[in-house]
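K.L.:
Dropping the structure in here first, questions after.
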Amino acid sequence: MTRIVPLRPEHRPVLAELWVEAWAAAYPTIDFAARRGWLLDRLALMVAEGTRVLVAEVGGSPAGFVTVGPEGWIDQMLVGLDQQGRGVAAALMAAAKEASPSGLDLDVNADNGRAIAFYRREGFVTTGHRLNEQGRPIDLMAWRPEPPPLRLRPS
């Protein structure tokens with residue numbers, strides 16, 4: 001069973017390891033181990049700026065996380081390799097939507113088909129494109145809640 005909890009200090013090193021492993025598997029030519037410190041610093045800065053970091057725990061151990069900024073920006077979302085395809089990402093996204101019920105925005109590597117397919121299943125649509133700092137193509141995506149159904153007044 002997946003449980004979503006707020007980030008705790010003891011989560012940080014485990015989440016960093018999950019992040020390195022998952023990204024290294026997706027992009028093996030990039031040294032993500034060298035970027036571990038960047039992620040830890042980034043998480044600390046985001047928390048200081050009011051971003052919520054929601055952690056998925058499976059069996060009491062961190063299995064992934066999502067960041068939800070005050071304006072609904074998802075900067076990071078990741079599920080560890082051993083928990084991918086087991087509903088952890090869906091649980092994290094449900095928690096992100098609950099944390100930002102007016103909508104969510106994110107960007108995703110345009111060549112990350114698995115992530116894009118997941119976001120589309122979760123109701124996200126592509127809203128634009130850009131290049132990241134390394135010149136790689138990025139898709140901008142957004143989710144907005146369904147408007148409530150119209151209620152007709154009885155005549």
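The values are calculated or read from the model by the stated rules, or taken from the named source; none is laboratory data. Since this is a predicted model, take the numbers as computed values, not measurements. Neighbour counts are summed over all protein chains in view; Cβ atoms, including those assigned to glycine, are modelled from backbone coordinates with ideal geometry. Only protein heavy atoms, including side chains, enter the accessible area calculation; ligands, DNA and RNA are left aside. Shrake-Rupley method; radii C 1.70, N 1.55, O 1.52, S 1.80 Å.
K.L.:
Just for region 84-114: of the residues that are modelled with pLDDT under 95 and part of a helix (DSSP H, G or I), which one is least open to solvent (accessible area, probe 1.4 Å)?
P.N.:
If we take residues in region 84-114 being modelled with pLDDT under 95 and part of a helix (DSSP H, G or I), then G113 is least open to solvent (accessible area, probe 1.4 Å).
K.L.:
Follow-up. Could you list, in sequence order, the residues of region 116-155 that are in contact with a helix residue (DSSP H, G or I) (Cβ under 9 Å, 6 or more places away or on another chain), outside any strand (DSSP E or B) and either among the hydrophobic types (A, V, I, L, M, F, W, C) or open to solvent by 100 Å² or more (accessible area, probe 1.4 Å) (or both)?
P.N.:
Answer for region 116-155, where residues must be in contact with a helix residue (DSSP H, G or I) (Cβ under 9 Å, 6 or more places away or on another chain), outside any strand (DSSP E or B) and either among the hydrophobic types (A, V, I, L, M, F, W, C) or open to solvent by 100 Å² or more (accessible area, probe 1.4 Å) (or both): F118, R121, F124.
K.L.:
Could I ask something else about it? Can you pull out every residue in region 16-42 that is farther than 19 Å from Q83 by Cα and within 15 Å of the chain's Cα centre (by Cα)?
P.N.:
Here is the first cut: in region 16-42, the ones farther than 19 Å from Q83 by Cα are 28-42.
Listed by number, the residues that qualify are L39, R42.
K.L.:
Continuing with the same structure: Among the candidates R8, R52, single out the residue that is open to solvent by 40 Å² or more (accessible area, probe 1.4 Å), under 13 Å from the mean Cα position of the chain (by Cα) and at negative phi. It would help to see each step written out before you state the result.
P.N.:
Working: R8 fails: under 13 Å from the mean Cα position of the chain (by Cα).
Among R8, R52, only R52 is open to solvent by 40 Å² or more (accessible area, probe 1.4 Å), under 13 Å from the mean Cα position of the chain (by Cα) and at negative phi.
K.L.:
Are there strands (runs of 3 or more DSSP E) fully within region 1-68 with at least 1 residues that are at pLDDT 95 or above, hydroxyl-bearing (S, T, Y) and touching a Ser or Thr at 6+ places or on another chain (Cβ under 7 Å)? List them.
P.N.:
On the way: elements: 2-6, 52-58, 61-68.
It comes to 61-68.
K.L.:
Looking at W73 and the list (1) modelled with pLDDT under 95; (2) open to solvent by 40 Å² or more (accessible area, probe 1.4 Å); (3) among the aromatic types (F, W, Y), which single condition is not satisfied?
P.N.:
Among (1) modelled with pLDDT under 95; (2) open to solvent by 40 Å² or more (accessible area, probe 1.4 Å); (3) among the aromatic types (F, W, Y), the lone unmet condition for W73 is (1).
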